[in-house]
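> To start, I am sharing the structure in question, which I have written as structure tokens.
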Amino acid sequence: MEIPKLYVSSSPHLHDRPTTASIMWNVSIALAPAALWGVYAFGLRALLVLVVSIVSSVLVEFLLGKISKQFTITDGSAFLTGLLIGMNMPPSVPLFVPILASIFAITVAKWVFGGLGANWINPALAGRVFVFFSFTGLMSQYSLPRFVGSVDSVSQATMLTAMKMQIGEPAVQQLGSSAILESIAYPASRFGLSVSDSLNGVISPYTVDAFFGLIGGSLGEISAVLLIAGAIYLMVKKIITWHIPVCFLGTFSLLAWIFGGLRNGMGLFQGDFVLQLFSGGMMLGAFFMATDMVTSPTTKKGMVIFGVGIGFFTFLLRYFGSLPESVSLAIIIMNIFVPTIEKYVLPKRFGEVEKKTKSTKEANA
Amino acid sequence: MQRFPTFRKGGVHPDDKKSLSSPCAIERLPVPSELIVPLSQHLGAPASALKQKGETLDIGEKIGKASGFISADVHSPVAGLIKDIRKVTLANSVVCDAFVIAVDAKQPVKVWEEQPYAHLSGAQIISIVQDMGVVGTGGATFPTHVKLMVPKGKSVDALVVNGVECEPYLTADHRLMLEETDKVLQGVMIVAQAVSPKRIIIGVENNKPDAIEVLRNAVSQKGYPIDVVPLKVKYPQGDEKQLLKATIGREIPSGKLPIDVGALVLNVGTSFAVYEAVALRKPLIDRVVTVSGEAIASPKNIRTYVGTKVVDLLAYCGNPKERYEKMISGGPMMGFAFFDDQTPITKGSSGILVLDNQKELDAPTTACISCGRCVAVCPMGLQPTKLYKLIEHRRYEDAMKMNLMDCKECGCCAYTCPAHIPLVHGMKLGKKLGRK
């Protein structure tokens with residue numbers, strides 16, 4: 001019998017099969033429905049923004065790889081970063097903005113720190129925040145999707161910005177989020193109105209619009225339902241766990257419900273948080289930015305703390321801060337805490353409790 | 001639906017691949033013409049040789065004497081002539097002396113008759129077990145007589161018999177439970193006679209419903225005070241720490257032994273060996289080995305002599321297919337890859353696997369993306385990725401402080417790592433270098 005080449009390696013000799021690349025591509029797949037919805041809602045211009053973002057990210061990754069003699073574009077992480085950057089852009093943004101965001105994301109946020117796995121901040125988030133505060137005007141021009149409102153509402157504040165501008169004004173005292181929008185005659189879709197009517201107005205048309213993605217905003221963040229569907233896909237695939245998004249959204253909702261009403265003259269426990277939950281970057285942030293593996297804790301306990309922290313800071317920034325970008329900033333703030341969380345929040349070891357109780361017993365005896 | 005107990009923390013669910021060999025009844029390998037019987041088939045000091053080159057041997061004759069407290073005797077499985085005593089490398093990389101035995105073509109008929117054992121005291125049973133060279137057959141090969149000597153001031157509350165066999169592919173214990181049910185149970189009762197436990201539990205994963213049923217029937221028929229507990233399938237439940245957590249809910253403190261929580265864990269294969277040792281006075285000279293894997297033409301469970309060369313087993317199973325890529329002694333999660341088909345079977349060889357899918361598993365290692373999967377699956381609650389980074393930077397002492405020694409190399413972390421980082425390899429290296 002001819003002996004073929006034999007591998008001799010350390011155990012285990014089985015593997016669960018997924019690779020870093022398969023994880024990255026799966027996240028991209030999970031994002032695809034929401035991204036495509038953006039293209040459908042805002043037209044081909046949105047597709048152009050997506051393509052430019054992805055191509056520039058991958059190109060920058062490729063060039064940096066040339067310098068350091070690595071070939072990393074097949075791991076899918078640069079594609080994912082580009083996709084996320086594109087999804088975080090207003091559909092009508094000038095194309096140099098996503099290009100700059102991609103360059104910043106891949107170069108400064110990722111490669112300077114040592115490439116994939118070594119960055120402390122999600123590159124896409126860094127790119128988004130960088131261009132937002134550099135080109136705030138360009139990044140704040142949002143158009144409404146094609147199925148809402150009149151033709152002249154090409155440049156319109158998003159629901160969130162509209163609410164934020166009004167909040168604290170005497171005119172909107174005692175009003176909840178949806179009522180504020182109503183008071184300024186913010187456009188709602190026909191679909192939202194009819195659903196709201198058929199439910200006797202229990203759910204405001206704005207909430208319906210926000211949930212299904214009939215609102216203005218960054219091109220990939222508008223459809224809460226598709227983002228949630230993508231997140232469920234990732235959870236079923238066991239790529240993300242519930243800990244971070246649930247703790248984040250739960251903490252935010254709780255705080256917004258308890259204290260949210262205070263901002264416009266209402267009492268405790270009267271905050272109108274449902275619309276807040278589905279608007280802005282909340283869903284995209286909770287399910288796809290905060291859960292970035294590289295920049296979140298590895299332990300379950302750590303993930304809970306991380307999620308609660310993001311929820312807390314998002315609440316503060318959204319209700320009491322003067323700047324937009326509350327979700328992004330909250331995630332970045334908690335990213336800074338990750339090494340500390342990792343250092344002090346350790347998983348419970350097997351056989352640890354017994355040892356402690358035993359030794360304390362011995363010490364007491 | 002009934003809920004089956006299991007351990008809580010960590011664990012993985014690899015495809016068990018047991019159906020390859022689980023329907024195959026145990027067969028006996030024809031006596032090979034040559035055996036290589038190593039003197040170190042157990043944990044602890046190697047046995048010292050009692051025989052010289054050129055001497056003839058009888059079946060069951062003692063050829064190695066235990067050379068320390070944790071050590072075990074070695075016996076000749078056959079009648080034959082010692083051709084040579086030379087150094088061999090075992091599958092687990094242990095290098096030791098071994099007898100090369102030319103097996104007599106005509107073997108005398110040896111009948112091991114059952115002898116009464118009900119009158120034996122605990123000390124007598126332990127001394128017989130020691131004399132017959134019984135060691136744990138699950139893979140760790142801890143000398144059984146040492147395990148049965150309960151230290152002063154401690155007592156056995158629960159005797160837990162390990163019928164879990166959680167490693168994929170392996171079915172040797174499964175077949176033993178099915179085919180030698182009564183002998184396995186008698187072995188358990190003999191151990192119980194020696195250590196007088198308050199209760200006896202057999203833990204079997206519920207992917208072996210036939211074994212659970214057969215055991216339950218036998219237990220109720222004979223009226224043994226044994227509780228057969230089906231367990232939810234999860235790797236590494238066959239580890240004694242996880243098994244005790246699953247069956248009696250106790251956690252062995254870090255660095256301690258089962259007896260420290262009043263438990264004694266025994267493999268079903270070991271129980272069978274104890275039965276043969278005490279009831280038949282037959283030394284541990286043969287065992288059941290699963291020969292399986294995708295590259296094996298006809299997987300089998302084979303009862304064979306200790307010292308049988310792997311090449312003989314493979315030939316009996318129809319030689320591996322053209323392309324195969326890895327030979328493993330033991331299971332695929334913790335077993336050892338080896339390259340020499342002249343390597344002998346030892347008392348701890350539960351399986352010989354020949355796999356042909358290794359190249360595709362051999363994906364290149366990429367950067368750690370801190371996904372936390374290794375942390376989530378570690379049954380010991382360690383942080384493999386952190387430990388690996390410390391070891392990579394030669395900070396062995398810091399790794400020790402993070403309880404590197406708690407790692408038992410079960411392989412869950414490396415199994416699940418999407419970056420294909422050789423985590424277990426790192427742990428092994430760190431332990432070795434950190435101890436110095």
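> Determine which single condition A:Glu342 fails, assuming it passes every other condition in (1) outside any helix (DSSP H, G or I); (2) acidic (Asp, Glu); (3) surrounded by fewer than 22 Cβ atoms within 10 Å (Cβ to Cβ).
Result: A:Glu342 fails condition (1) only.
> Still on this model: Identify, by number, the condition in (1) touching a residue at least 24 places away in the same chain (Cβ under 8 Å); (2) crowded, with 17+ Cβ neighbours inside 10 Å; (3) within 30 Å of B:Leu423 (Cα to Cα) that A:His15 doesn't meet.
Here A:His15 meets the rest and fails (1).
> When the residues of region A:162-194 are filtered to those that are over 26 Å from the mean Cα position of the chain (by Cα) and among the β-branched types (Val, Ile, Thr), which remaining residue is modelled with the highest pLDDT?
Per the stated criteria, the residue is A:Ile184.
> Looking at B:Leu361 and the list (1) facing chain A (nearest Cβ under 7 Å); (2) in contact (Cβ under 8 Å) with a residue 24 or more places away in the chain, which single condition is not satisfied?
Condition not satisfied by B:Leu361: (2).
> Among the listed residues A:Val55, A:Val49, identify the single one that is more than 14 Å from every other protein chain (Cβ to nearest Cβ), at pLDDT 95 or above and surrounded by fewer than 18 Cβ atoms within 10 Å (Cβ to Cβ).
A:Val55
> Also, quick follow-up: Is there a residue being part of a helix (DSSP H, G or I) and facing another protein chain (nearest Cβ under 8 Å) anywhere in region B:341-349?
If we filter region B:341-349 for residues that are part of a helix (DSSP H, G or I), which is where we start, we get none.
The answer is no; no qualifying residue exists.
> List the pairs whose first member sits in region B:239-266 and is hydroxyl-bearing (Ser, Thr, Tyr), whose second member is part of a loop (DSSP other than H, G, I, E, B), and whose Cβ atoms are under 6 Å apart, counting only residues at least 6 apart or on separate chains?
From residues that are hydroxyl-bearing (Ser, Thr, Tyr), the pairs are B:Ser254/A:Gly351.
> Among the residues of region A:59-106, what is the count of those that are crowded, with 19+ Cβ neighbours inside 10 Å and of a type in the set (Phe, Trp, Tyr)?
Summing the residues that are crowded, with 19+ Cβ neighbours inside 10 Å and of a type in the set (Phe, Trp, Tyr) in region A:59-106 gives 2.
> Filter region A:28-46 for residues that are aliphatic (A, V, I, L, M) and surrounded by fewer than 17 Cβ atoms within 10 Å (Cβ to Cβ); which is farthest from A:Met139 (Cα to Cα)?
Quick first cut of region A:28-46, residues aliphatic (A, V, I, L, M) only: A:29-32, A:34-36, A:39, A:41, A:44, A:46.
Filter once more, so that each one left must be surrounded by fewer than 17 Cβ atoms within 10 Å (Cβ to Cβ): A:29, A:32, A:36, A:44.
Values: A:Ile29: 26, A:Ala32: 22, A:Leu36: 20, A:Leu44: 18 Å.
This residue is A:Ile29.
> Another question about this same structure. Whether any residue in region B:222-243 is under 22 Å from B:Cys407 (Cβ atoms), in contact with a Pro (Cβ under 6 Å, 6 or more places away or on another chain), of a type in the set (A, V, I, L, M, F, W, C) and surrounded by 23 or more Cβ atoms within 10 Å (Cβ to Cβ) is what I want to check.
There is no residue in region B:222-243 that is under 22 Å from B:Cys407 (Cβ atoms), in contact with a Pro (Cβ under 6 Å, 6 or more places away or on another chain), of a type in the set (A, V, I, L, M, F, W, C) and surrounded by 23 or more Cβ atoms within 10 Å (Cβ to Cβ).
> May I ask you to say which residue of B:Gly64, B:Gly44, B:Gly10, B:Gly80 is crowded, with 22+ Cβ neighbours inside 10 Å, small (Gly, Ala, Ser) and touching a helix residue (DSSP H, G or I) at 6+ places or on another chain (Cβ under 9 Å)?
On the way: B:Gly64 fails: touching a helix residue (DSSP H, G or I) at 6+ places or on another chain (Cβ under 9 Å); B:Gly44 fails: crowded, with 22+ Cβ neighbours inside 10 Å; B:Gly80 fails: touching a helix residue (DSSP H, G or I) at 6+ places or on another chain (Cβ under 9 Å).
The conditions single out B:Gly10.
> Oh, and also: Among the residues that make up region B:343-350, is at least one of them touching a strand residue (DSSP E or B) at 6+ places or on another chain (Cβ under 8 Å), farther than 30 Å from A:Val345 by Cα and surrounded by fewer than 19 Cβ atoms within 10 Å (Cβ to Cβ)? Outline the logic, then answer.
Step one: of region B:343-350, the residues touching a strand residue (DSSP E or B) at 6+ places or on another chain (Cβ under 8 Å) are B:343-350.
Filter once more, so that each one left must be farther than 30 Å from A:Val345 by Cα: B:343-350.
Checking the rest, the ones that are also surrounded by fewer than 19 Cβ atoms within 10 Å (Cβ to Cβ) come to none.
No, region B:343-350 has no match at all.
> Report, by residue number, each residue of region B:377-427 that is over 20 Å from B:Gly139 (Cβ atoms), assigned to a helix (DSSP H, G or I) and facing chain A (nearest Cβ under 7 Å).
Listed by number, the residues that qualify are B:Thr385, B:Thr416.
> One residue is enough: does region B:154-175 have a residue meeting the conditions out of contact with any strand residue (DSSP E or B) (no Cβ under 7 Å at 6 or more places or on another chain), surrounded by fewer than 21 Cβ atoms within 10 Å (Cβ to Cβ), touching a residue at least 24 places away in the same chain (Cβ under 8 Å) and farther than 20 Å from B:Arg216 by Cβ?
yes
> Determine the pairs where a residue that is outside the structural domain of B:Glu294 (by TED's automatic domain parsing), located within region B:17-43, has a partner that is outside any strand (DSSP E or B) and small (Gly, Ala, Ser) with Cβ atoms under 6 Å apart, the partner being 6 or more residues away or on another chain.
Note: pairs meeting the criteria are B:Leu35/B:Gly307; B:Ile36/B:Gly307; B:Val37/B:Gly307; B:Leu39/B:Ala47; B:His42/B:Ala72.
> Another one. Just one of the numbered conditions (1) farther than 20 Å from A:Ile331 by Cα; (2) within 14 Å of chain B (Cβ to nearest Cβ) is not true of A:Ile99; which one?
Against the list (1) farther than 20 Å from A:Ile331 by Cα; (2) within 14 Å of chain B (Cβ to nearest Cβ), A:Ile99 comes up short only on (2).
Every residue, every condition in (1) acidic (Asp, Glu); (2) touching an Asp or Glu at 6+ places or on another chain (Cβ under 8 Å); (3) farther than 30 Å from B:Lys241 by Cα; (4) surrounded by fewer than 18 Cβ atoms within 10 Å (Cβ to Cβ), yes or no:
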position	(1), (2), (3), (4)
B:Thr6	no, no, no, no
B:Pro32	no, yes, yes, no
B:Pro38	no, yes, no, no
B:Ser48	no, no, yes, yes
B:Phe69	no, no, no, yes
B:Ala91	no, no, no, no
B:Ala105	no, no, yes, yes
B:Glu113	yes, no, yes, yes
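> List the pairs whose first member sits in region B:100-111 and is farther than 15 Å from B:His75 by Cβ, whose second member is of a type in the set (A, V, I, L, M) and assigned to a strand (DSSP E or B), and whose Cβ atoms are under 6 Å apart, counting only residues at least 6 apart or on separate chains?
B:Val100/B:Ile36; B:Ala102/B:Leu81
> Looking only at region B:364-376, count how many residues are surrounded by 23 or more Cβ atoms within 10 Å (Cβ to Cβ) and either in a helix (DSSP H, G or I) or away from chain A (no Cβ under 11 Å) (or both).
Matching residues across region B:364-376 total 3.
> Any idea which of (1) farther than 26 Å from B:Pro143 by Cα; (2) surrounded by fewer than 24 Cβ atoms within 10 Å (Cβ to Cβ) is the one B:Ala211 doesn't satisfy?
Unmet for B:Ala211, out of (1) farther than 26 Å from B:Pro143 by Cα; (2) surrounded by fewer than 24 Cβ atoms within 10 Å (Cβ to Cβ): (2).
> Continuing with the same structure: Of the numbered conditions (1) surrounded by fewer than 22 Cβ atoms within 10 Å (Cβ to Cβ); (2) away from chain A (no Cβ under 14 Å); (3) more than 29 Å from B:Ser121 (Cβ to Cβ), B:Gly255 satisfies every one except a single condition; which is it?
With (1) surrounded by fewer than 22 Cβ atoms within 10 Å (Cβ to Cβ); (2) away from chain A (no Cβ under 14 Å); (3) more than 29 Å from B:Ser121 (Cβ to Cβ) applied to B:Gly255, the lone miss is (2).
> Among (1) modelled with pLDDT of 95 or more; (2) more than 14 Å from chain B (Cβ to nearest Cβ), there is one condition A:Pro90 misses while meeting the rest; what is its number?
A:Pro90 satisfies all of (1) modelled with pLDDT of 95 or more; (2) more than 14 Å from chain B (Cβ to nearest Cβ) except (1).
> If you don't mind, another one. Anything in region A:74-87 that is within 13 Å of another protein chain (Cβ to nearest Cβ) and among the aliphatic types (A, V, I, L, M)? List them, or say none.
Once the filter is applied, which keeps residues that are within 13 Å of another protein chain (Cβ to nearest Cβ) and among the aliphatic types (A, V, I, L, M), region A:74-87 yields only A:Leu80.
> Run down B:Met427, B:Met400, B:Met380 and say which single residue is over 19 Å from B:Glu167 (Cα atoms), in contact (Cβ under 8 Å) with a residue 40 or more places away in the chain, within 28 Å of the chain's Cα centre (by Cα) and not assigned by TED's automatic domain parsing to the domain that holds B:Gln237.
Numbers: B:Met400 fails: in contact (Cβ under 8 Å) with a residue 40 or more places away in the chain; B:Met380 fails: over 19 Å from B:Glu167 (Cα atoms).
None of the others qualify; the one that does is B:Met427.
The values are calculated or read from the model by the stated rules, or taken from the named source; none is laboratory data. On a predicted model such as this, the values are computed, not experimentally measured, just so you know. A quick note on method: Cβ atoms are made from the backbone with ideal geometry, for glycine too, and the neighbour counts reach across all protein chains shown.
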